[in-house]
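Input: a single structure, listed below in structure tokens.
Any read-out appearing in this document is the output of simple, stated calculations on the displayed coordinates, not a laboratory observation. A quick note: this is a predicted structure, and the numbers were derived from the prediction, not measured. Glycine gets a Cβ as well: all are built from the backbone with ideal geometry, and neighbour counts include every protein chain shown.
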Amino acid sequence: MAGPADQTGIVFDIKEFAVFDGPGIRTTVFLKGCPLRCAWCHNPEGISPEPEVLHSPAGDRRVGERLTAAALAARLNRQGGILRDAGGGVSFSGGEPLLQAEFVEAVIDRLDRLHVLLDTSGYADETRFRRLLAKVDMVFFDLKLMDPDLHERYTGCRNEPILRNLQILSQSECAAVVRVPLVPGVTDTAANLEAIARACHSFRRPFRVDLLPYNRAAGGKYGACGRRFSPGWDESRPANADTTVFARFGIEARVV
Ligand code: SF4
């Protein structure tokens, strides 16, 4: 059943002609709000669930707009022909789209034959995750740290809900890719990459793994949203993008 057309959500960006957010050419919707506080987050303006004003020397910029599901779906459907012809579709990213799962669901229910991808940290209760999983064609599942204590230290949250939802994803038929942000000395350690490879290998359906190069520009936006960027790692050190550990476990991995 379609969610209500007047269901509203807060979106902080809509990127058209995106080529790195899933198959083909896509429109990516960035949902505001994230329960995690990854120390390397490159979208700090997506963390607060509320609209906010960013301050910079170039002037103030309001970030976050409340939209109805019907209005957002109509905008996305207007691009439907181009997106379908390009083998693409719509991607929901953030922030954490699962935080506004009901809104995302109501939008998806109104899309006209568009391929839908969910780009998620996986941090949500199981019911929400299952409901949205049933509505999408593909999932990008970001996996950061397998050690629960390190995960809490660097993201502010335990990883048990994430690993539980990854298990649920592995039991589904939904196309999925595990994505690992490579943070030098934090997520790119041999121990963490091996733990991720081992976990991916353990599932009924092994996942492909994409390793995401470290984004050195991440810190640039923090001041504008009143946050402090204080990396506790050496940003100048090249991240370890070793895919051989995945090969050892029969997992297809690549640097994207
Ligand atoms: S999960 Fe993504 S949006 Fe949320 S804090 Fe981490 S990097 Fe940022």
Looking only at region 43-63, which residues are more than 7 Å from the ligand (Cβ to nearest atom), buried (at least 16 other Cβ atoms within 10 Å of the Cβ) and in a loop (DSSP other than H, G, I, E, B)?
SER48, PRO49
Residue set ARG37, ARG66; condition within 16 Å of the ligand (Cβ to nearest atom), among the basic types (Lys, Arg) and surrounded by fewer than 18 Cβ atoms within 10 Å (Cβ to Cβ); output residue ARG37
Take region 126-157 and flag every residue that is within 14 Å of the ligand (Cβ to nearest atom) and small (Gly, Ala, Ser).
GLY156
For residues that are crowded, with 20+ Cβ neighbours inside 10 Å and not aliphatic (A, V, I, L, M), scanning just region 112-139, find the one that is nearest to VAL256 (Cα to Cα).
ASP119
Members of region 21-41 that are closer than 21 Å to ARG216 by Cα and either out of contact with any strand residue (DSSP E or B) (no Cβ under 9 Å at 6 or more places or on another chain) or of a type in the set (Gly, Ala, Ser) (or both):
LEU36, ARG37, ALA39, CYS41
Restricting attention to region 202-230, which residues are of a type outside the set (A, V, I, L, M, F, W, C), surrounded by 11 or more Cβ atoms within 10 Å (Cβ to Cβ) and farther than 16 Å from ILE47 by Cβ?
SER202, ARG205, PRO206, ARG208, ASP210, PRO213, TYR214, ARG216
When residues of region 21-34 are filtered for being more than 15 Å from the ligand (Cβ to nearest atom) and outside any loop (DSSP other than H, G, I, E, B), how many remain?
2
Region 170-183, residues that are within 16 Å of the ligand (Cβ to nearest atom) and not β-branched (Val, Ile, Thr):
ARG179, PRO181, LEU182
Unique residue being more than 21 Å from ARG130 (Cα to Cα) and of a type in the set (S, T, N, Q) when the list is ASN165, ASN240:
ASN240
Condition check: crowded, with 18+ Cβ neighbours inside 10 Å, at negative phi and in contact (Cβ under 8 Å) with a residue 12 or more places away in the chain. Does ILE10 satisfy that?
yes
